[in-house]
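*Asks:* First, the structure itself, so that you have it in front of you.
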Amino acid sequence: MSVLGAKGVTEPGEELLASALRQLDAAAKALGLDPGMHRFLAAPERTLIVSLPVQTDDGRLAVFTGYRVQHSTARGPGKGGIRFHPSVTLEEVQGLAMLMTWKCAVTDLPLGGAKGGVAVDPRGLSAKEVQRLTKRYTAAILPIIGPTRDIPAPDVNTDAQTMAWIVDTVTMMTGQHSPEVVTGKPVELGGSRGRHEATGRGVAFVTLEVLRRLGRRPEDVRVAVQGFGNVGSIAARSLAEAGCRIVAVSDVSGGYAAPRGLDIPRAMEHARGGRERTLEGLEGATRITNEELLASDVDVLIPAALEGQITAANAGEIRAPIIVEGANGPVTADADRLLAARGTTIVPDILANAGGVVVSYFEWVQSRAQFYWELEEVERRLETYMRRAMELVLDRAKTHDCSLREAAFIAAVQRVSSAIEKRGIFP
Ligand code: NAD
């Protein structure tokens with residue numbers, strides 16, 4: 001039972017928070033963590049809830065609720081995205097902020113965990129309305145964000161344009177040019193080279209490391225990738241470049257299989273060219289369903305679309321012995337247990353998709369120094385961080401004789417609790 005007490009869980013946000021707490025509980029138990037420390041880590045340090053009035057284009061007053069949660073700033077300023085989605089709740093933001101703490105700790109970034117969001121469906125707003133909402137939200141959370149406090153980034157339904165509006169708001173309100181207040185900015189405004197590709201490249205890197213340690217040659221490895229957006233397409237392309245055969249990919253339009261391997265650069269060009277930006281109409285591939293993709297007879301399965309794709313209901317059909325979590329939370333806790341019992345290796349999201357936050361950290365460093373790195377430098381350093389994190393997790397899995405997911409949580413919780421202990425509780 002979580003230290004917060006077992007409550008009836010109904011909403012997806014509550015489920016996400018409950019699952020984050022369960023993982024913390026398991027790590028605390030494995031580490032023999034002090035109960036007071038466990039309790040401190042189970043709750044966010046700071047939560048801000050804001051009410052956001054926005055003038056609509058037709059002159060009405062719409063009001064939205066926004067959140068910014070800082071789970072832990074023990075190891076450095078908070079770091080985490082901002083999402084605009086109707087399902088955003090306080091619980092969801094709290095759970096995601098906690099996961100950011102562990103993700104930054106496992107990759108050894110000098111950053112803590114935070115997350116923000118506004119409960120809104122941006123598709124129902126004009127671009128001007130979204131801009132006004134973003135600027136009002138930024139002004140409302142300004143008292144707790146900043147380059148040495150908490151650095152937001154894009155998440156679901158927010159992007160480089162959203163970050164540019166945030167930079168503008170902070171610059172206007174403080175009178176100081178402030179690109180270092182967010183990451184994920186457009187490159188023209190101080191964004192990092194290689195940020196766009198970072199998550200997918202990190203996913204490919206950890207996949208190749210797992211294969212190398214198993215003595216598998218990339219040329220003999222078949223891969224299926226669910227989701228062909230930023231993370232999925234770049235991961236597929238990087239793995240294909242390394243020699244793997246990508247035998248199936250899918251997106252919202254369905255799945256596409258080719259046993260001899262798909263031409264990934266051509267598939268990316270095809271998706272870019274279409275009005276819907278999907279794989280619909282891709283030639284040289286057999287149409288399959290998303291369910292068939294997940295059940296493909298492959299060596300590696302990379303779910304890189306949405307959360308909750310592999311559940312207790314379909315876990316029995318998964319044939320891949322290795323799953324690398326490109327998306328956040330694609331394997332539910334129940335499925336995780338079933339797959340672990342069958343000996344499936346799962347590289348957990350807080351390690352596998354951490355490449356994005358690693359390069360976000362590089363962007364923060366570059367923006368603060370006002371000195372920008374070449375792409376080769378970004379890629380070289382990304383590899384160093386991912387390799388170190390991978391080695392740490394494998395080492396902890398051996399020491400504690402546990403899954404890679406439990407090992408990642410153990411390593412992260414140990415780092416954060418140790419930072420709190422070394423600092424000494426204030427006052
Ligand atoms: P994206 O919007 O670029 O791509 C999502 C892809 O999933 C699209 O190809 C979409 O068509 C596909 N998709 C949607 N519904 C689907 C379904 N039912 N079946 C199969 N495919 C479906 O998003 P992204 O940035 O690639 O993010 C994907 C996942 O990775 C999310 O869980 C996100 O939180 C996580 N993530 C992203 C980053 C990043 O840097 N972009 C970093 C960490 C984690």
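*Asks:* Express the C-alpha Rg of the chain as a ratio against the empirical globular expectation 2.2 N^0.38 Å, rounded to two decimals.
*Replies:* 0.96
*Asks:* Could you work out how much longer the chain between ALA369 and GLU269 gets when fully extended? Use 0.36 nm per residue separation minus the Cα distance between them, nm to one decimal.
*Replies:* Gain in length upon complete extension: 32.4 nm.
*Asks:* Apply the a/c threshold of 1.5 to the C-alpha gyration tensor of region 60-195 and tell me whether it is rounded, prolate or oblate.
*Replies:* It comes out oblate by the Cα gyration axes.
*Asks:* Here's another thing I want to ask about it. Among THR207, THR289, rank each residue by its count of other Cβ atoms within 10 Å, from fewest to most, as a rough exposure measure.
*Replies:* Neighbour counts put them in this order, fewest first: THR289, THR207.
*Asks:* Taking the Cα-to-Cβ direction at GLU276 and at LYS29 and moving 7 Å from each Cα, how far apart do the two end points lie in nm?
*Replies:* Taking the two extended label points, one gets 4.5 nm.
*Asks:* Something else about it: Starting from the Cα of GLU11, step 7 Å toward the Cβ, then list every residue of region 75-114 with an amide N under 18 Å from that point.
*Replies:* Under cut-off, by backbone N: 82-99.
*Asks:* Distance between the C-alpha centers of region 163-225 and region 343-417? Whole Å please.
*Replies:* 12 Å
*Asks:* Select from the chain the helices, each a whole stretch of DSSP H, whose alpha-carbon atoms run 18 Å or more along the helix axis and whose Kyte-Doolittle mean is at least 0.5; answer none if there are none.
*Replies:* Helix filter hits for the chain: 90-106, 160-174.
*Asks:* Mind telling me which of ARG319, ARG201, ARG380 comes out most flexible in a GNM of the chain, alpha-carbon contacts under 10 Å?
*Replies:* In this elastic network of the chain, the residue with the biggest mean-square fluctuation among ARG319, ARG201, ARG380 is ARG380.
*Asks:* Under the definition of Cα pairs under 8 Å and six or more residues apart, what whole-number percent is the relative contact order of the chain?
*Replies:* 15 percent.
*Asks:* Pull out the extension gain between ASP401 and ALA341, defined as 0.36 nm times the separation in residues minus the alpha carbon to alpha carbon distance; nm, one decimal.
*Replies:* This chain segment gains 20.2 nm when fully extended.
*Asks:* Under the 0.36 nm per residue contour assumption, what length would be gained going from the current alpha-carbon distance of LEU306 and THR174 to full extension?
*Replies:* Stretched out fully, the LEU306 to THR174 stretch lengthens by 43.8 nm.
*Asks:* Under 10 Å, Cα contacts only: if you run a Gaussian network model on the chain, which one of GLU129, GLU15, GLU374 comes out with the highest mean-square fluctuation?
*Replies:* GLU374
*Asks:* For the pairs LYS29/LYS79; LYS135/LYS185; LYS79/LYS128; LYS115/LYS398; LYS398/LYS422; LYS29/LYS398, flag any whose C-alpha to C-alpha distance is greater than 20 Å.
*Replies:* Over 20 Å Cα-Cα: LYS29/LYS79; LYS79/LYS128; LYS115/LYS398; LYS398/LYS422.
*Asks:* Still on this model: Calculated FRET efficiency, ARG39 and THR65, Cβ-Cβ r, R0 30 Å, to nearest 0.05?
*Replies:* After rounding, the FRET efficiency stands at 0.65.
*Asks:* Let me ask you something else. Given Cα pairs under 8 Å that are at least 6 residues apart, what percent is the relative contact order of region 28-163?
*Replies:* Worked out over region 28-163, it gives 28 percent.
Only the coordinates and a few stated rules stand behind these numbers; no lab work does. Keep in mind that this is a model prediction, so the values were computed, not measured. Using ideal geometry, Cβ is built from the backbone for each residue, glycine included, and neighbour counts are taken over all protein chains shown.
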